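Colleague: Got a structure here, written out as structure tokens. Questions coming.
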Amino acid sequence: MAEKLLLIIPVEADGSMPKVAWETVGAVRSLAEAMQCSFDVGLWGQDVLPAARALARCGAARFLAVQGDDFAQARYATDAAASEALARASQATMILAPSTSRTNRIIGGVAYRLGGRADTHAASIQLVDGRLQLTRWYYRQRIMVVLEREHRPWLIALEQGAGAPWAGEPADVTLEWVTAAAGDTERRTQFEAIQQPPADQQTIRPDAELLFVAGAGWTKKQRDGQVHVEEADQIIREFLRKSGASLGGTKSIVDQAGEGGAVLSCMSHMNQVGQTGSTPRHPKGLATCCHGEEPHVVGWRFINERRAVNLDPNCGWAHGKADVLYVADAFEVMRKVNELLS
Ligand SMILES: Cc1cc2nc3c(=O)[nH]c(=O)nc-3n(C[C@H](O)[C@H](O)[C@H](O)COP(=O)(O)OP(=O)(O)OC[C@H]3O[C@@H](n4cnc5c(N)ncnc54)[C@H](O)[C@@H]3O)c2cc1C
């Protein structure tokens, strides 16, 4: 069967698209080239023109768009209606989307409406010996599964890292307008406001260059026999503010709040990296006062360059888990780093 691809992307209220969307463009371009088929781009939002112009040279055959105030904000009913209308207009056999909370929420419902099948959290998609194969991780990145499907349409949400981000100069583009249902039923849920902590309290930053991990050592007795949690807190906050790094923690440090121990004010369970925590993606990682035990380091699977600061020359990082281990006092090192960043 001849395949036809459609890439669907919601455009944010400010006209932007998330980083993962650019990576999905890269992935879809490679796939279309391997399959020797064309692809369409389908956008929806309040004003899709800036995004369409930015994608003008990506190689899409058609640019389809659903536009209007009703499609400005993330809302299941209007997002699903727009995606469905774009898919019907394109007649694509495979519909790909960047994996975001917005697309993951609707993709199953849209597949149902189109009589298709959906897969989310796809790590990659490629043609192998003439067969389309999707890879997906299970059990916290320990088992990789390769999926094939005969059923069409096939809807796929591609995770961050599935393709190299595409970049090209903006240009004029011809948009084909598509109408999607946005009646009283679709508009029943009303968006009011985004509530989020102030930028300096927002410690989880998926797009940061660096993952900075703080381990339990920051709250342990130091050489002078005392704990220095307040100072640790201040050093870490200052570093995060100056570097823009994302903050990760070990299980030992994030559990301390529940155990009544000395706690870092910026650390919560959301920050935990590891087997029972998260597996963030950042180009670089720096672990401090963290032993580097396997259940923690398994969460570093997608960190490319790894460095650690630990007083113990025999800690886990020294056993092949880091590229560079600084055997040093993290308080001293990070104080100096902060000074250099000033
Ligand atoms: C089923 C299971 C699941 C788990 N899941 C996770 C998980 O998801 N994430 C996770 O993190 N852990 C997980 N763990 C726990 C994990 O095995 C470790 O216990 C934990 O990672 C240890 O945390 P830590 O390195 O911060 O603390 P510690 O082991 O106490 O290490 C503290 C380190 O700080 C160093 N240090 C102290 N002071 C300084 C200083 N001034 N300068 C430099 N270094 C200093 C010490 O040398 C020491 O190496 C799991 C365990 C199990 C059994």
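Colleague: For the chain, how many pairs of lysine residues have a Cα-Cα distance under 21 Å, where the two are 8 or more positions apart or belong to different chains?
Modeller: 11
Colleague: What list do you get for Asp79, Asp233, Asp14, Asp323 if you sort them by fewest beta carbons within 10 Å? Walk me through the numbers on the way to the answer.
Modeller: Numbers: Asp79 26, Asp233 19, Asp14 10, Asp323 13.
Listed from fewest to most nearby Cβ atoms, that is Asp14, Asp323, Asp233, Asp79.
Colleague: Take Gln36 and Ala328, extend 7 Å from each Cα along the Cα→Cβ direction, and tell me the distance between the two endpoints in nm.
Modeller: 5.7 nm
Colleague: Expressed as a whole number of Å, what is the distance separating the alpha-carbon centroids of region 133-172 and region 1-37?
Modeller: When both Cα centres are located, 10 Å separates them.
Colleague: Across region 278-283, in residue order, what do the Karplus-derived ³J(HN,Hα) couplings come to in whole Hz, using 6.51 cos²θ - 1.76 cosθ + 1.60 with θ = phi - 60° and x for Gly and Pro?
Modeller: 9, 10, x, 10, 9, x
Colleague: What percent does the relative contact order of the chain come to when contacts are Cα pairs within less than 8 Å and at least six residues apart? Provide the component values of the computation, followed by the final result.
Modeller: Values: 708 pairs, mean separation 48.9, N = 342.
Normalised by residue count, the contact order of the chain is 14 percent.
Colleague: Could you list Phe239, Phe191 in order of exposure, starting from the residue whose Cβ has the fewest other Cβ atoms within 10 Å?
Modeller: Working: Phe239 22, Phe191 11.
With the sparsest Cβ surroundings first, the list reads Phe191, Phe239.
Colleague: Summing -39500 (n - 2.57) over the DSSP H runs of n ≥ 4 in the chain and dividing by its residue number, what mean residue ellipticity at 222 nm do you reach, to the nearest 500 deg cm²/dmol? Present the calculation step by step, with values, prior to reporting the outcome.
Modeller: Numbers: 8 runs with 88 residues, N = 342.
That comes out to -8000 deg cm²/dmol.
Colleague: Just name one of Leu132, Ala157, Ile143: the one whose Cα is farthest towards the positive end of the charge dipole of region 118-164 (beta-carbon charges, Lys/Arg +1, Asp/Glu -1).
Modeller: Ile143
Colleague: Based on Cβ point charges of +1 for Lys and Arg and -1 for Asp and Glu, what charge dipole magnitude is obtained for the chain about its Cα centre, in debye rounded to the nearest 20? Write out the running numbers ahead of the final one.
Modeller: On the way: 36 positive and 40 negative charges, 133 e Å.
Using only the charged Cβ atoms, the result is roughly 640 debye.
Colleague: While we're on this one: Determine, for Leu311, Leu264, the number of other Cβ atoms within 10 Å of each Cβ, and report the residues in order from fewest to most.
Modeller: Values: Leu311 14, Leu264 23.
If I rank by nearby Cβ atoms, fewest first, I get Leu311, Leu264.
Colleague: Follow-up question, since we're still on this one. For region 253-321, what does the alpha-carbon gyration tensor say about shape, rounded, prolate or oblate, given a ≥ b ≥ c as the root eigenvalues, a/c under 1.5 as rounded, and a/b over b/c as prolate?
Modeller: Values: a/c = 1.95, a/b = 1.34, b/c = 1.45.
Note, shape of region 253-321 comes out oblate.
Colleague: Let me ask something else about it. Using Cα-Cα distances under 8 Å and only pairs 6 or more residues apart, what relative contact order does region 262-342 have, in percent?
Modeller: On the way: 116 pairs, mean separation 19.6, N = 81.
Result for region 262-342 is 24 percent.
Colleague: From the Cα gyration tensor of region 199-341, with a ≥ b ≥ c the square roots of its eigenvalues, which class applies: rounded if a/c is under 1.5, or else prolate if a/b is larger than b/c, or else oblate? All intermediate terms of the calculation are to be shown ahead of the outcome.
Modeller: Working: a/c = 1.17, a/b = 1.09, b/c = 1.07.
Rounded.
Colleague: Oh, and also: Hey, what do the phi angles of region 295-303 turn into as Karplus ³J(HN,Hα) couplings, whole Hz, using 6.51/-1.76/1.60 and θ = phi - 60°, x for Gly and Pro?
Modeller: x, 8, 5, 4, x, 9, 3, 9, 9
Colleague: Explain nothing, just compute: Karplus ³J(HN,Hα) = 6.51 cos²θ - 1.76 cosθ + 1.60, θ = phi - 60°, for every residue of region 6-21 in order, whole Hz, x for Gly and Pro.
Modeller: 10, 9, 10, 9, x, 9, 5, 4, 8, x, 8, 10, x, 4, 4, 5
Any read-out appearing in this document is the output of simple, stated calculations on the displayed coordinates, not a laboratory observation. Computed from a predicted model, the values in this text were never measured in an experiment. Cβ coordinates were reconstructed from backbone atoms using ideal geometry, including for glycine residues, and neighbour counts include every protein chain displayed.
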